[in-house]
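Engineer: Below you'll find the structure I mean.
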Amino acid sequence: ILVQASRVFRTLFGEAPPGQAIPIGDIEPATFRELLRYMYADRITVTLKNAVDVLYGARKYQLWTLTEICQNFLRLKLTEADVLNVFEANRRYELAWVNRICLGIICDNPIQAFDDECFWKLSGKSVELIALRQVM
């Protein structure tokens with residue numbers, strides 16, 4: 001099923017000797033379970049807490065429909081109340097699309113973003129990306 005769902009898995013399994021373990025090091029086990037659930041059962045649970053991780057995994061393994069599901073979820077569900085947490089979570093992957101959508105929301109509502117207690121917990125990189133944004 002993995003080989004049918006993803007060209008990346010097809011390549012990984014095609015190159016590995018039979019029975020050899022294939023390490024998946026850059027994706028958390030809970031996220032990988034969601035990816036497996038999607039590939040095996042065509043079901044997924046995307047939340048604001050896991051959306052960036054699942055989106056990264058979907059892109060990495062070329063699961064384009066799942067990529068679209070995650071992007072649509074963020075487009076519809078991401079609000080001023082959640083944007084700083086999602087933006088900071090994206091420092092792990094630096095997905096340009098996530099940065100764009102988050103920075104758009106932050107720059108549309110800068111006062112709310114700067115008043116949020118999460119703002120003071122952002123990494124230096126996140127603050128730098130916000131400061132370098134041209135439009136506020």
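Engineer: Hey, can you tell me all the residues within the stretch 24-50 that are assigned to a loop (DSSP other than H, G, I, E, B), under 15 Å from the mean Cα position of the chain (by Cα) and aliphatic (A, V, I, L, M)?
Structural biologist: 27, 44, 46, 48
Engineer: Oh, and also: Only one of (1) polar (S, T, N, Q); (2) assigned to a helix (DSSP H, G or I); (3) in contact with a helix residue (DSSP H, G or I) (Cβ under 6 Å, 6 or more places away or on another chain); (4) assigned by TED's automatic domain parsing to the domain that holds residue 6 is not met by residue 62, so which one is it?
Structural biologist: (2)
Engineer: Quick check on the stretch 13-20. Is at least one of its residues acidic (Asp, Glu) and either at pLDDT below 95 or not in a helix (DSSP H, G or I) (or both)?
Structural biologist: Yes: one or more hits.
Engineer: Do we find that residue 86 is in a helix (DSSP H, G or I) and under 16 Å from residue 129 (Cβ atoms) in this structure?
Structural biologist: yes
Engineer: If I filter the stretch 91-101 for residues that are crowded, with 17+ Cβ neighbours inside 10 Å, closer than 14 Å to residue 49 by Cα and of a type in the set (S, T, N, Q), do I get at least one hit?
Structural biologist: For the stretch 91-101, residues crowded, with 17+ Cβ neighbours inside 10 Å, closer than 14 Å to residue 49 by Cα and of a type in the set (S, T, N, Q): absent.
Engineer: Right, next: Please determine whether any residue of the stretch 55-76 is within 25 Å of residue 132 (Cα to Cα), in contact with a Leu (Cβ under 6 Å, 6 or more places away or on another chain) and touching a residue at least 24 places away in the same chain (Cβ under 8 Å).
Structural biologist: The answer is no, given that none of the residues of the stretch 55-76 is within 25 Å of residue 132 (Cα to Cα), in contact with a Leu (Cβ under 6 Å, 6 or more places away or on another chain) and touching a residue at least 24 places away in the same chain (Cβ under 8 Å).
Engineer: Condition test on residue 46, is it among the β-branched types (Val, Ile, Thr) and assigned by TED's automatic domain parsing to the domain that holds residue 133?
Structural biologist: no
Engineer: Could you tell me whether residue 2 is assigned by TED's automatic domain parsing to the domain that holds residue 122, of a type in the set (A, V, I, L, M) and on the phi < 0 side of the Ramachandran plot?
Structural biologist: So residue 2 does not fit the description; no.
Engineer: Restricting to the stretch 102-114, name every residue that is surrounded by 11 or more Cβ atoms within 10 Å (Cβ to Cβ) and in a helix (DSSP H, G or I).
Structural biologist: 102, 103, 104, 105, 106, 107, 108, 110, 112, 113, 114 - these are the residues of the stretch 102-114 that are surrounded by 11 or more Cβ atoms within 10 Å (Cβ to Cβ) and in a helix (DSSP H, G or I).
The values are calculated or read from the model by the stated rules, or taken from the named source; none is laboratory data. Quick caveat, the model's predicted, so the values are computed rather than measured. Cβ coordinates were reconstructed from backbone atoms using ideal geometry, including for glycine residues, and neighbour counts include every protein chain displayed.
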